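The block underneath contains the structure these notes are about, expressed in structure tokens.
The values are calculated or read from the model by the stated rules, or taken from the named source; none is laboratory data. Please read all numbers here as calculations on a predicted model, not as lab measurements. All Cβ positions, even for glycine, are placed from backbone atoms using ideal geometry, and neighbour counts span all protein chains on display. With ligands, DNA and RNA removed, areas are computed over all heavy atoms of the protein, side chains included. Shrake-Rupley method; radii C 1.70, N 1.55, O 1.52, S 1.80 Å.
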Amino acid sequence: MVTPRGLGSLLLLLLLLTSGQEKPTELPRNTCLGSNNIDKYDILNLNDKASCFTKCRQWGSDSCNVENLQRYWLNFEAHLVKEGLTEKVNMPFLKALVQNLSTNTAEDLYFSLKPSQIPRQVMKDEDKPPDRVRLPKSFFRSLPGNRSEVRLAVTILDIGSGTLFKGPQLGLGDGSGVLNNHLVGLSVGQMRVTKLAEPLEIVFSHQHPPPNMTLTCVFWDVTKGPTGDWASEGCSTEVVPEGTMCCCDHLTFFALLLRPTLDQSTVHILTRISQAGCGVSMIFLAFTTILYAVLRLSRQRFKSEDAPKIHVALGGSLFLLNLAFLVNVGSGSKGSDAACWARGAVFHYFLLCAFTWMGLEAFHLYLLAVRVFNTYFGHYFLKLSLVGWGLPALIVIGTGSANSYGLYTIRDRENRTSLELCWFREGTAMYALYITVHGYFLITFLFGMVVLALVAWKIFTLSGATAVKERGQNRKKVLTILGLSSLVGVTWGLAIFTPLGLSTVYIFALFNSLQGVFICCWFTILYLPSQSTTVSSSTARLDQAHSASQE
């Protein structure tokens, strides 16, 4: 029999024993692993999964399962269509519209994709919004099965700055990524829609992309790698006034990728090609100057001719431009900000001098071959020199006063610095670059092309009608045009074709850096040997007009 005292002792012993045991603690739930409530789409779970857009910032992190999380959001759109319990979703990171549509529509359907608003259908009498999707009227007729009505889901998903939906090729902090971190999802019913006869259109509005970046329309391909990746098959990219239009032949999640134009290895190779070409050009341009000095001493009439002086002035500007380029690329970011400012200004100045003298070559060619009569100008070469060296100086002074020069950096996709040089500062100074470099070059280049076309027409028509036919005459005419093209800067026009692909970039870097070689060859052929044996009759007449224009 247990006494009360013994019962109390027993209870006290049990209390001491149980108090010494730790209570089991519940492990914190890690929603970013994606294993918890993977198919639950209530408000709580949606917010928990959305927090991973910013938490998952490192590939291979033990705290995130990127594959599960991406699958969660890909399946959410199918969940909206399947359940049919809601027509609109309005959350900070997610905007969605789900509605039934008739397949017998006779009009194209437009939906507004303004990121801050829930997607909505645009009525016929409304203006088309800058961010929109267009479903062509043929879209519904191409769907499988005989359906009078389908359920459409349009989703705008803000994926944040983490690793979700970035893919293996888009590292963090490398300047590349999804434009505005916005994805646009489209799905119809429970069907897989591919290979549409008429593609759908998605317009992403944006300002001008940053320098050295390209925009590409892509979709999320779950078949690429273990976690999926961006692909562009079946999508085309088209620039429109308000932004970029993506035309795709299937339904899924779409985005606009912003990626560097050149990677580190490409920039390294292009830099080496340009440096080698500039070095060779400087040697040939120096030889041209020496040859000109020898001819001035040995030929009395050569002193009064303006054409060779203009050729040498162009060669001198190119020599100094090549020298400034080699110094600029070799120095990189070394020195103070003031020194970098000075290098950028000097490089800009000699670049504009080269453009100006190419324009003056075209002007002189116009006077000799096109205008012909009334071409006398007092102190002709002095006036050309004031324009050739003075106008660029005024532009550089104006640009420098706005503090536009500074360190310019090109980075690759791994955020490594590919090239540093003193040029225009990034930001608002880019507008000065577009005006004083791109615009200035375009004006001089177009003028040179027009004059060259007129001269070519003169050579191939006039000389063909008056000159005695001789073997190889057409070949000499072609060589004449090629020689004149080196003076007016045709090789610089190759820059227009660089957006077509990397091969055109290599061609531009090679031929443009060798412009000095072409000028030296033309100068040597034109003035060193006897004109009667080497230069065609058409070229000889132009050369003789060099002095006649001033007499």
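Observations on the structure shown:
- Per the listing PRO136, PRO92, PRO130, the residue uniquely at pLDDT 85 or above, open to solvent by 40 Å² or more (accessible area, probe 1.4 Å) and touching an Asp or Glu at 6+ places or on another chain (Cβ under 7 Å) is PRO130.
- Candidates ALA324, ALA313, ALA342: the one that is within 30 Å of GLN275 (Cβ to Cβ), open to solvent by less than 50 Å² (accessible area, probe 1.4 Å) and in contact with a Lys or Arg (Cβ under 8 Å, 6 or more places away or on another chain) is ALA324.
- Candidates LEU109, LEU143, LEU101, LEU113 - the one that is under 30 Å from the mean Cα position of the chain (by Cα) and open to solvent by less than 30 Å² (accessible area, probe 1.4 Å): LEU113
- Flag for ALA293 being open to solvent by 20 Å² or more (accessible area, probe 1.4 Å), at pLDDT below 95, out of contact with any helix residue (DSSP H, G or I) (no Cβ under 6 Å at 6 or more places or on another chain) and part of a helix (DSSP H, G or I): yes
- Matching residues, segment 133-143, being in contact with a Lys or Arg (Cβ under 9 Å, 6 or more places away or on another chain) and farther than 14 Å from ASN104 by Cβ: ARG134
- All of (1) modelled with pLDDT of 90 or more; (2) over 30 Å from ASN328 (Cβ atoms); (3) not in a strand (DSSP E or B); (4) not hydrophobic (A, V, I, L, M, F, W, C) hold for SER274 with one exception: (2).
- Annotation: of all residues in segment 213-237 being open to solvent by 60 Å² or more (accessible area, probe 1.4 Å) and either part of a strand (DSSP E or B) or among the hydrophobic types (A, V, I, L, M, F, W, C) (or both), the one that is modelled with the lowest pLDDT is VAL222.
- Scanning segment 299-315 turns up one or more residues that are of a type outside the set (S, T, N, Q), at pLDDT below 90 and outside any helix (DSSP H, G or I).
- Of all the residues in segment 421-436, those that are open to solvent by less than 50 Å² (accessible area, probe 1.4 Å) and either in contact with a helix residue (DSSP H, G or I) (Cβ under 9 Å, 6 or more places away or on another chain) or at pLDDT 80 or above (or both) number 8.
- Subset of segment 90-119 (residues that are in contact with a Phe, Trp or Tyr (Cβ under 9 Å, 6 or more places away or on another chain) and either more than 28 Å from LYS195 (Cβ to Cβ) or touching a residue at least 60 places away in the same chain (Cβ under 8 Å) (or both)): PHE93, LEU94, ALA96, LEU113
- Residues being under 21 Å from LEU285 (Cα atoms), assigned to a helix (DSSP H, G or I) and either open to solvent by less than 70 Å² (accessible area, probe 1.4 Å) or at pLDDT below 75 (or both) - total across segment 519-551: 9
- Output for segment 248-261, where each listed residue is in contact with a Leu (Cβ under 8 Å, 6 or more places away or on another chain) and either surrounded by fewer than 17 Cβ atoms within 10 Å (Cβ to Cβ) or part of a loop (DSSP other than H, G, I, E, B) (or both): ASP249, HIS250, LEU251, THR252
- Within segment 366-420, if we keep just the residues that are open to solvent by 90 Å² or more (accessible area, probe 1.4 Å) and either in a helix (DSSP H, G or I) or modelled with pLDDT of 90 or more (or both), the residue that is farthest from THR461 (Cα to Cα) turns out to be SER401.
- Residue within segment 178-188 that is part of a strand (DSSP E or B) and more than 24 Å from LYS88 (Cα to Cα) present: yes
- Filter pass, GLY516 being at pLDDT 75 or above, assigned to a helix (DSSP H, G or I) and not aliphatic (A, V, I, L, M): yes
- Hey, GLY84 on the phi > 0 side of the Ramachandran plot, at pLDDT 60 or above, crowded, with 17+ Cβ neighbours inside 10 Å and not aromatic (Phe, Trp, Tyr) or not: no
- A count restricted to segment 116-127 and to residues that are within 20 Å of MET91 (Cβ to Cβ) and either small (Gly, Ala, Ser) or buried (at least 16 other Cβ atoms within 10 Å of the Cβ) (or both) stands at 4.
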